[in-house]
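The values are calculated or read from the model by the stated rules, or taken from the named source; none is laboratory data. Just so you know, these numbers come straight off a predicted model, no measurement behind them. Cβ: placed from backbone, ideal geometry, glycine included. Neighbour counts: every protein chain shown.
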Amino acid sequence: MSDGMPNAFEFAEPLGDLATYEPRAHKAPELDLAAFVEWLPRIGTVLWLHRPRRDNIFPRARLTGRGVLLLEHPDVAAFADATAIRAQSAVTPHGPREWLDIDASGATIARLYLLPDTDYLAWDAMRAALDPSCSAAEPQRRWQAHRTFMRCAFARARSAWHARVVRLPLLRLPCLQVLGARDVETVSVLGRQRAAAIAMDEHASM
């Protein structure tokens with residue numbers, strides 16, 4: 001699938017505490033945030049991890065190539081500072097996982113996890129449209145015991161993650177995109193179990 005959207009992803013080493021596979025690395029193209037958020041309402045239910053902001057400045061806005069991106073819910077305020085979005089995949093003791101890291105100045109400030117309730121076709125189309133290499137790259141099997149231990153210790157020292165099962169609606173107006181976050185009323189049993197396992201592994205409160 002291709003609709004002229006620019007590349008927005010690179011593969012990088014997963015930061016999850018229990019990740020045992022290290023993906024291949026690709027050079028990150030410049031982030032087109034306006035193009036990326038157009039995909040968010042299409043993928044449906046996801047697990048969103050973020051670190052609550054300590055300031056009370058809200059709502060937040062960001063100027064993009066398509067106008068203004070308005071973040072109307074505080075939980076998605078991380079997009080105001082995003083400088084890169086990295087597609088990640090790993091095999092953990094709880095099974096395979098896919099997610100996106102939202103980074104700012106080299107630090108991960110939010111994560112978007114694929115759940116059993118996510119629209120898999122839309123998720124794969126999003127990755128393929130934004131970076132065709134995503135669908136072809138296979139993770140390399142490499143157990144990194146020392147590195148995994150250091151990730152775990154570092155994660156415990158950082159500010160806590162908050163996790164929510166959400167959908168991310170987008171309102172489109174001329175020169176304005178409004179991104180929100182809404183709770184999902186109906187989530188499958190498997191989806192809730194997977195979300196709880198991810199939250200536990202990431203030391204996140206739900």
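Brief remarks follow.
- Just one of the listed residues (Asp3, Asp17, Asp32) is over 19 Å from Ala80 (Cα atoms), at pLDDT 50 or above and of a type outside the set (Val, Ile, Thr), namely Asp3.
- Qualifying positions in segment 51-70 - at pLDDT 85 or above and touching a helix residue (DSSP H, G or I) at 6+ places or on another chain (Cβ under 9 Å): Arg51, Arg60, Ala61, Arg62, Thr64, Gly65, Arg66, Gly67, Leu69
- Scanning segment 112-126 for residues that are crowded, with 20+ Cβ neighbours inside 10 Å and in a helix (DSSP H, G or I) returns Trp123, Met126.
- Residue list for segment 38-97, filter: touching an Asp or Glu at 6+ places or on another chain (Cβ under 9 Å), surrounded by fewer than 16 Cβ atoms within 10 Å (Cβ to Cβ) and small (Gly, Ala, Ser): Gly65
- Criterion violated by Ala195 - all others in (1) surrounded by 15 or more Cβ atoms within 10 Å (Cβ to Cβ); (2) of a type outside the set (Lys, Arg); (3) within 30 Å of Arg66 (Cα to Cα) satisfied: (3)
- Only a single item in (1) surrounded by 15 or more Cβ atoms within 10 Å (Cβ to Cβ); (2) at pLDDT below 85 is not met by Ser135, and it is number (1).
- Residue identified as modelled with pLDDT under 95 and either over 18 Å from Arg51 (Cα atoms) or not charged (D, E, K, R) (or both) among Ala163, Ala153, Ala195: Ala153
- Among (1) at pLDDT 95 or above; (2) touching a Pro at 6+ places or on another chain (Cβ under 7 Å), the one test that Thr118 misses: (2)
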